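The values are calculated or read from the model by the stated rules, or taken from the named source; none is laboratory data. Predicted model only: the values in this text are computed from it and were never measured. Virtual Cβ from ideal backbone geometry, glycine too; neighbours counted across all protein chains shown.
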């Protein structure tokens, strides 16, 4: 074994103190003994070289001539005896520990890249969002804790130095301040919401950005002591790291290999996703048949079908960038450096330097990338979402401009004789296709019928933001809070929405992430996002304009694809609402971009050092442009060590705490989902409540858990009330039933109030509380006031929602009916109190007038909303003034002859007044104006049945059944008609006649989901 020791000779006593030190080499071959005494071996670390000092040349270190340049200021000492027998570049103990933590961090980050696009589980409130967000948060926190531990072990804090970091901090500040003053703090923080724009999710994105830039851009220290044999440096056994320290062997030389692995891990995940989606589009389902949620054509592990298309487009940009802008291997620059600097006779050894991929592998990977691009392209054509093509066109335009500029420069610099236009073909073709699909709607998109995806328009989203700023208590600067767009939408949406089929949907996001931020995080958050985008553009331009890099080094093959993919992700912010996977990968790519910048200069120095150590020539190490990383030594002073270490430990403890809380939240969601499934299958509220209570105990901040649990208690209350056990039961049993009834009734009220307290800005919580009071109105004194107040508060939070106005009108009717019952009861007494009767009668009339007012408001909001017309008739009927109602209805119809709602109201009043022929004419006109008007068809079918036209009646109810497949009453009516019975036979009685009910026969929700457990 032969090796070379680098030692300092002791200085002669009479030597000039300012004379530079000299380095001598001492061979240990042939049994020569190593120097002893005070001789110390020196180990130099690149990270320790002073930027201000001239840098020694590697050749001079091995020279006997005095060095004329100043020496590094910091040199780590290690005794010669301690060095003997260590492998080349062996790190000290702290380095070994640091390597372990860095290895854990990288594994977590690789897992994040690979699993996030694919991961979902068949349980949870939302099988994709619930499980994916939990996994991502866990992996990011694990990586962050490992990075903190590695920082503490190494005694050095390092991160990329760039304007992007400042922009990220401003985004965190904007989100944090907005969340602190949010109208719904727990939802904005992310502990009671799955929205992708919560503070917790934003921290996850930015932390992922930081970790990818810091971990994969981390600089490794390199020993200047040569290996024991040249073969130790020139590896031919597949180890591509040339005998560097173990931390480098596993983490990758200055992390360029780590960046490459990260990119190809992502491409592997993308390929699996593309194949899975392709098979699904071909109706080949690889998932278990028991997973009903996965059987629909639009199910995918990204989110909506358009979000899937955008993510596939994001991946396609990366693939095209790799195909166009460089070879498959990121070690091209290293191989080129070896060719340029190799000494005679050793060229063959240099070319045996390990490569990421051989030529055969390069060809294989290129073929795989082309195939992947074709698969993704076909899927994007089937999805055909315009947002994909806008983002794709701009990204391809960037690639075309870059390739053309690079080829032009190569010609000018004499590196090429002509411009290689073949590299422009692929991006230009995709650019042309994107422009065509923006301008023309091709019939190919109709091959698969995807569900319609709707969202507020750009103008509607902007108007909501402006109204939110102007409102009393609103803040244009910080907004209403992250993930609170749904509240703003309920308060400030346009009444025009009520003319669409989605009038009952409460959108959680606007038309795009950027516009949504205007109302949720205000102008401050909006500007922070714009600064982030500007900082990214500046960083990209800075990399391209850097002369020292010239985009030809180790990471050059990946920079352009990463920039193009990041550009695509940022463009999506302007085109589509926030999606967790898209947001996360946009930040990951920006982090990898910084990692390429941080690693490039360091990689070149690492390689030069390794070459010099094995005698392959010398190369100066320049610190001129090495400003990509900022470092703080934790050991510079005891005070700094204490303060920084304390901060790092606090961050570590905080991360563990967030991990624990997030785990609790996740387990709670599983309990809640399990309870919902149990109730759907068994309709047993007791079994469901057992799960709901466990969920609440783990996550009491989730208002949805309290709300649904209150409905389950209400179901139990109604079940007890309608139980046959009341009949002929002994006194003890009756007392037990009363006790159970009162307990469950009080629990229903209590849980509904807790839901309201958990989020007072959520209209569903107030309407649910009103609904509970409405159902127990006869058993709780003063419940009518609480009921009306609750519905009024719900309407104040969504003033343009006609359903809530009808709820309030129905509450007034219920209050009037209770007063009427009290009047009748007192009037039946022997000595009635007439003054009390007059007072109650006056209150009843006032309640009926209030009901008319609210129901008319609902009609003004949505003229064709039949429940409002329906209940209005009930009010007039209670007032004994049906003729007046008919006159008003005729007047309104004459003013709006093409209003389907006006025609239905007139027809229903004629039906109520037993004028069947007039009712038929009016209802037929209503159906002709609105073919899907189910309630108009319902009463028209009853009229046909009463007139003996069974076939026409059957046709009406068949159309209703097609529109309302779950309506049991319609199914019974069709069964009666098919068996020659009257339409309402076996239905009325026991139910009251349809015209006398307080609910329409066919519910109308405008796309809003029904209360899941409402009895």
Count of segment 461-496 residues which are part of a helix (DSSP H, G or I), touching a residue at least 24 places away in the same chain (Cβ under 8 Å) and crowded, with 20+ Cβ neighbours inside 10 Å: 11
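Before we move on, is residue 313 within 19 Å of residue 269 (Cα to Cα), touching a helix residue (DSSP H, G or I) at 6+ places or on another chain (Cβ under 6 Å) and either surrounded by fewer than 21 Cβ atoms within 10 Å (Cβ to Cβ) or modelled with pLDDT of 50 or more (or both)? Explain how you work it out, then say what you get.
Details: within 19 Å of residue 269 (Cα to Cα): yes; touching a helix residue (DSSP H, G or I) at 6+ places or on another chain (Cβ under 6 Å): yes; either surrounded by fewer than 21 Cβ atoms within 10 Å (Cβ to Cβ) or modelled with pLDDT of 50 or more (or both): yes.
It is true that residue 313 is within 19 Å of residue 269 (Cα to Cα), touching a helix residue (DSSP H, G or I) at 6+ places or on another chain (Cβ under 6 Å) and either surrounded by fewer than 21 Cβ atoms within 10 Å (Cβ to Cβ) or modelled with pLDDT of 50 or more (or both).
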Residue match in segment 138-154 (condition: touching a strand residue (DSSP E or B) at 6+ places or on another chain (Cβ under 9 Å) and in contact (Cβ under 8 Å) with a residue 60 or more places away in the chain): yes
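Yes or no, residue by residue, for (1) at pLDDT 90 or above; (2) out of contact with any helix residue (DSSP H, G or I) (no Cβ under 6 Å at 6 or more places or on another chain):
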{"residue": "333", "(1), (2)": "no, yes"}
{"residue": "358", "(1), (2)": "no, yes"}
{"residue": "370", "(1), (2)": "yes, yes"}
{"residue": "400", "(1), (2)": "yes, no"}
Given (1) at pLDDT below 95; (2) farther than 27 Å from residue 112 by Cβ; (3) touching a helix residue (DSSP H, G or I) at 6+ places or on another chain (Cβ under 9 Å); (4) surrounded by fewer than 23 Cβ atoms within 10 Å (Cβ to Cβ), index of the condition residue 556 fails: (2)
Failed item in (1) under 19 Å from residue 496 (Cβ atoms); (2) modelled with pLDDT of 85 or more, with residue 436 passing the rest: (1)
Residues (more than 16 Å from residue 582 (Cα to Cα) and touching a residue at least 24 places away in the same chain (Cβ under 8 Å)) located in segment 110-129: 110, 111, 122, 123, 124, 125, 126, 127
Condition check for residue 964: modelled with pLDDT under 95, within 45 Å of the chain's Cα centre (by Cα), over 25 Å from residue 917 (Cβ atoms) and surrounded by 14 or more Cβ atoms within 10 Å (Cβ to Cβ): yes
Matching entry among 196, 227 (being at pLDDT 85 or above and assigned to a loop (DSSP other than H, G, I, E, B)): 196
Lone unmet requirement of (1) assigned to a helix (DSSP H, G or I); (2) without any contact (Cβ under 8 Å) to a residue 40 or more places away in the chain; (3) farther than 17 Å from residue 314 by Cβ for residue 418: (1)
Single residue of 593, 575, 584 found to be surrounded by fewer than 24 Cβ atoms within 10 Å (Cβ to Cβ), at pLDDT 90 or above and in contact with a helix residue (DSSP H, G or I) (Cβ under 6 Å, 6 or more places away or on another chain): 575
Residue match in segment 787-803 (condition: more than 39 Å from the chain's Cα centre (by Cα) and farther than 30 Å from residue 496 by Cβ): no
Selection within segment 865-888 - within 49 Å of the chain's Cα centre (by Cα) and in a helix (DSSP H, G or I): 866, 867, 868, 869, 870, 871, 872, 873, 874, 875
Options 741, 713: the member that is in contact with a helix residue (DSSP H, G or I) (Cβ under 7 Å, 6 or more places away or on another chain) and crowded, with 22+ Cβ neighbours inside 10 Å: 713
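Yes/no matrix, rows are residues, columns are (1) touching a helix residue (DSSP H, G or I) at 6+ places or on another chain (Cβ under 8 Å); (2) surrounded by fewer than 21 Cβ atoms within 10 Å (Cβ to Cβ); (3) at pLDDT below 95; (4) not in a helix (DSSP H, G or I):
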| site | (1), (2), (3), (4) |
| --- | --- |
| 822 | yes, yes, yes, no |
| 826 | yes, yes, yes, no |
| 831 | no, yes, yes, yes |
| 835 | no, yes, yes, no |
| 841 | yes, yes, yes, no |
| 855 | yes, no, yes, no |
| 860 | no, yes, yes, no |
| 863 | yes, yes, yes, yes |
Test set (1) in contact with a helix residue (DSSP H, G or I) (Cβ under 7 Å, 6 or more places away or on another chain); (2) modelled with pLDDT of 90 or more; (3) buried (at least 21 other Cβ atoms within 10 Å of the Cβ) - residue 222 fails condition number: (2)
